[in-house]
1. Report, in debye and to the nearest 20, how large the dipole of the stretch 4-136 comes out about its Cα centre when Lys and Arg carry +1 and Asp and Glu carry -1 on their Cβ.
2. Can you count the Lys pairs in the chain with C-alpha separation below 22 Å, eight or more apart or on different chains?
3. Net charge near residue 99, counting Lys/Arg +1 and Asp/Glu -1 over other residues with Cβ under 13 Å of its Cβ?
Amino acid sequence: METILFNNNRISPGIRFTKEFRGFLASIFTNETVELKRVSYIFCKDDYLLALNQKYLNHDTLTDILTFNLSEFSAAIESDIYISIERVKENALLLKTTYRKELFRVMIHGILHLCGYNDTTVKQKAEMRKKENYYLSFLSFT
């Protein structure tokens, strides 16, 4: 059974995810000393992610990612990570980066949340960005 899964909900990320990339994502858990059982990425549109944000977090705002940890306390991580492809594309333009790099950053971001990192304070956001950049440095975007 694969531990990193990719699912499309009315939209495709338009990127082929290789076995090596799946291994790279799984290796983040190993590096952060967190046990992984399964992570499912669900790529969707803004409206779908907004509905989830409203229903489960009581937030009435668009977002690029929602990470749901489905694990029991102190068990191996089992999670669904929802990513709005529309948000990622728009953010890539705003941040003057490539869509691919921004998508990978968001995918890593979700894993980092599962590994215990938060981004609610300025200090936490800086630490999260540093970790994202660290893991992105292992990927080629040329």
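Read-outs throughout are calculated quantities, based only on the coordinates presented, and are distinct from any laboratory measurement. Keep in mind it's a predicted model, so treat the numbers as computed, not measured. Quick reminder, even Gly has a Cβ in these numbers, built from the backbone with ideal geometry, and neighbours come from all protein chains shown.
1. The calculation lands at about 460 debye.
2. 18
3. It works out to a net charge of +2.
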